[in-house]
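**Student:** Below: one structure in structure tokens.
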Amino acid sequence: MHNEHSDTHFQLRIDNGEHIEAKDYMPENYRKHLIRQMSQHAHSEVIGMQPEGNWITRAPSLRAKQILLAKIQDEGGHGLYLYSAVETLGVSRSELIEQLQSGKAKYSSIFNYPALNWADIGAIGWLVDGAAIVNQVSLQRTSYGPYSRGMVRICKEESFHQRQGYEIMAKMMAGTKDQQAMAQDAMNRWWWPSLMMFGPHDTNSPHSSDAVKWKIKRETNDELRQKFIDKTIPQAELIGLVVPDKNIKLNDNTGHYTISKINWDEFNRVISGHGPCNKQRINHHIKYHNEGEWVREAAIAFKKKHTKKELETV
Ligand code: BYC
């Protein structure tokens with residue numbers, strides 16, 4: 001129901017920095033905006049398990065395998081918190097999954113690139129989770145209560161993920177020439193796609209103005225990207241990795257690094273379904289979702305039985 005008075009009151013609450021909760025009044029476009037962003041965030045967590053899952057059986061030590069397994073399980077958990085948070089907005093999990101599988105809903109561009117070797121697992125943890133944290137730390141202060149609280153918990157786990165990746169990279173850089181070359185090659189392939197995770201430049205970001213007005217976004221795509229660049233370049237230099245950009249320059253006046261132009265054609269190709277692994281990722285999801293149908297049926301049957309028993313004992 002659209003109501004001008006309610007919309008004004010809603011915006012006042014946002015301007016006052018209040019959280020909006022599931023049963024509070026919200027404009028329909030705010031609800032839609034959240035369903036789009038939060039569901040895409042949930043899909044990213046779940047699809048993000050695939051490139052890393054590829055390396056569980058080939059981790060170089062038992063320690064590395066345990067850590068990787070725990071990390072991937074965390075990503076699955078993050079997906080579940082986020083799906084539950086989206087469901088508070090009145091949309092069902094099955095609808096969301098259908099949007100993902102039919103290509104209607106996006107997931108992060110980054111997961112359409114392949115993880116070719118063990119150094120890629122380091123680069124994903126360090127760069128991809130590193131980028132995700134910068135974005136998610138900011139989202140802890142997002143205006144929708146269930147999303148904000150989900151982010152607080154997710155960020156705690158995500159910082160461990162970033163360190164796991166950096167440890168792999170640091171170890172390889174302290175290793176043989178071949179290991180150093182592998183780490184550098186992974187850095188070369190993951191650097192630019194990681195910068196694209198923050199989305200288009202602010203001037204080309206159609207959702208940003210509503211997102212900022214409603215405090216869904218507390219910082220813009222470019223602001224967050226810059227934070228990530230400034231924090232990551234010194235980390236690369238510390239372990240001897242070269243950032244694959246000849247134009248990187250630290251501006252002494254601003255304290256920020258400047259970089260070359262991002263290849264937005266590549267970004268647009270990947271988000272419109274034509275990246276190296278888009279088809280593989282969705283087909284894999286569909287296959288395992290279908291194979292898991294019996295688990296969902298069993299859970300529903302169990303719940304029904306349980307509820308019936310509870311009713312009988314009242
Ligand atoms: N990939 O107006 P804009 C993780 C789309 S990592 C794909 O700026 P918005 C993990 C955008 O959806 C990441 N699509 O949009 C890490 C929109 O298309 P639609 C998960 C992208 O929403 C390691 C169009 O471009 N994090 O979880 O204001 C292991 C215009 O963009 C991308 C999140 O999802 C992209 N990179 O800003 C495992 C964070 N960028 O929807 C897991 C939550 C843009 O109109 N999301 N697009 O079809 C956000 O903060 C914001 O949605 C974004 C984009 C900053 C990503």
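**Student:** Could you identify the single residue in Leu238, Leu250 that is over 17 Å from Gly125 (Cβ atoms) and modelled with pLDDT of 95 or more?
**Tutor:** Going through Leu238, Leu250 in turn, just one is over 17 Å from Gly125 (Cβ atoms) and modelled with pLDDT of 95 or more: Leu250.
**Student:** Please determine, by comparing only the residues of the range 267-314 that are touching a residue at least 24 places away in the same chain (Cβ under 8 Å) and in contact with a Gly (Cβ under 8 Å, 6 or more places away or on another chain), which one is surrounded by the most Cβ atoms within 10 Å (Cβ to Cβ).
**Tutor:** Selected residue: Ile282.
**Student:** Provide a single number: the residues in the range 157-216 that are aliphatic (A, V, I, L, M), within 12 Å of the ligand (Cβ to nearest atom) and in a helix (DSSP H, G or I). Steps first, answer last, please.
**Tutor:** First, pick out the residues of the range 157-216 that are aliphatic (A, V, I, L, M): 168-170, 172-174, 181-183, 186-187, 195-197, 211-212, 216.
Still in the running and within 12 Å of the ligand (Cβ to nearest atom): 195-197, 211-212, 216.
Remaining after also requiring in a helix (DSSP H, G or I): 195-196, 211-212.
Number of matching residues: 4.
**Student:** Here's another thing I want to ask about it. Would you call Gly77 more than 9 Å from the ligand (Cβ to nearest atom) and part of a loop (DSSP other than H, G, I, E, B)? Quick ask: steps written out before the conclusion?
**Tutor:** Numbers: more than 9 Å from the ligand (Cβ to nearest atom): yes; part of a loop (DSSP other than H, G, I, E, B): no.
So Gly77 does not fit the description; no.
**Student:** Right, something else. Looking at (1) surrounded by fewer than 16 Cβ atoms within 10 Å (Cβ to Cβ); (2) closer than 29 Å to Trp192 by Cβ; (3) among the hydrophobic types (A, V, I, L, M, F, W, C), which is the one condition that is false for Ala42?
**Tutor:** Here Ala42 meets the rest and fails (1).
**Student:** Checking the structure you have, find out if any residue of the range 85-107 is within 11 Å of the ligand (Cβ to nearest atom), in a helix (DSSP H, G or I) and surrounded by 21 or more Cβ atoms within 10 Å (Cβ to Cβ). Give the steps one after another, and end with the answer.
**Tutor:** Taking the range 85-107 as the starting set, the residues that turn out to be within 11 Å of the ligand (Cβ to nearest atom) are 99, 103-107.
Filter once more, so that each one left must be in a helix (DSSP H, G or I): 99.
With the extra rule that they be surrounded by 21 or more Cβ atoms within 10 Å (Cβ to Cβ), the set shrinks to none.
For the range 85-107, residues within 11 Å of the ligand (Cβ to nearest atom), in a helix (DSSP H, G or I) and surrounded by 21 or more Cβ atoms within 10 Å (Cβ to Cβ): absent.
**Student:** State the number of residues belonging to the range 131-157 that are without any contact (Cβ under 8 Å) to a residue 60 or more places away in the chain and surrounded by 23 or more Cβ atoms within 10 Å (Cβ to Cβ).
**Tutor:** Residues flagged as without any contact (Cβ under 8 Å) to a residue 60 or more places away in the chain and surrounded by 23 or more Cβ atoms within 10 Å (Cβ to Cβ) within the range 131-157 amount to 1.
**Student:** Then there's this: Out of (1) buried (at least 16 other Cβ atoms within 10 Å of the Cβ); (2) in a loop (DSSP other than H, G, I, E, B), what's the single condition that is false for Ile229?
**Tutor:** With respect to (1) buried (at least 16 other Cβ atoms within 10 Å of the Cβ); (2) in a loop (DSSP other than H, G, I, E, B), Ile229 is out only on (2).
**Student:** I've got another one for you. Given the condition surrounded by 13 or more Cβ atoms within 10 Å (Cβ to Cβ), closer than 29 Å to Ala119 by Cα and small (Gly, Ala, Ser), answer yes or no: does some residue in the range 10-33 qualify?
**Tutor:** Among the residues of the range 10-33, not one is surrounded by 13 or more Cβ atoms within 10 Å (Cβ to Cβ), closer than 29 Å to Ala119 by Cα and small (Gly, Ala, Ser), which makes the answer no.
**Student:** Would you check which residues across the range 1-45 are part of a helix (DSSP H, G or I), of a type in the set (Lys, Arg) and closer than 30 Å to Glu75 by Cα and list them?
**Tutor:** Restricting attention to the range 1-45, the residues satisfying the condition of being part of a helix (DSSP H, G or I) are 4-15, 28-45.
Remaining after also requiring of a type in the set (Lys, Arg): 13, 31-32, 36.
Result: Arg31, Lys32, Arg36.
For (1) in contact with a Gly (Cβ under 6 Å, 6 or more places away or on another chain); (2) under 30 Å from Gln11 (Cβ atoms); (3) within 11 Å of the ligand (Cβ to nearest atom), each residue gets a yes or a no:
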residue: Ser109; (1), (2), (3): no, no, yes
residue: Pro114; (1), (2), (3): no, no, no
residue: Ala119; (1), (2), (3): no, no, no
residue: Gly125; (1), (2), (3): yes, no, yes
residue: Ser138; (1), (2), (3): no, yes, yes
residue: Ser143; (1), (2), (3): no, yes, no
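Residues checked against (1) of a type in the set (A, V, I, L, M); (2) within 16 Å of the ligand (Cβ to nearest atom); (3) within 18 Å of Ala131 (Cα to Cα):
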{"residue": "Glu219", "(1), (2), (3)": "no, yes, yes"}
{"residue": "Phe228", "(1), (2), (3)": "no, yes, yes"}
{"residue": "Pro234", "(1), (2), (3)": "no, no, yes"}
{"residue": "Thr254", "(1), (2), (3)": "no, no, no"}
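The values are calculated or read from the model by the stated rules, or taken from the named source; none is laboratory data. It should be emphasised that the depicted structure is a prediction, and the values quoted were computed from it without experimental measurement. Ideal geometry is used to build each Cβ from the backbone, glycine not excepted, and the neighbour counts take in all protein chains shown.
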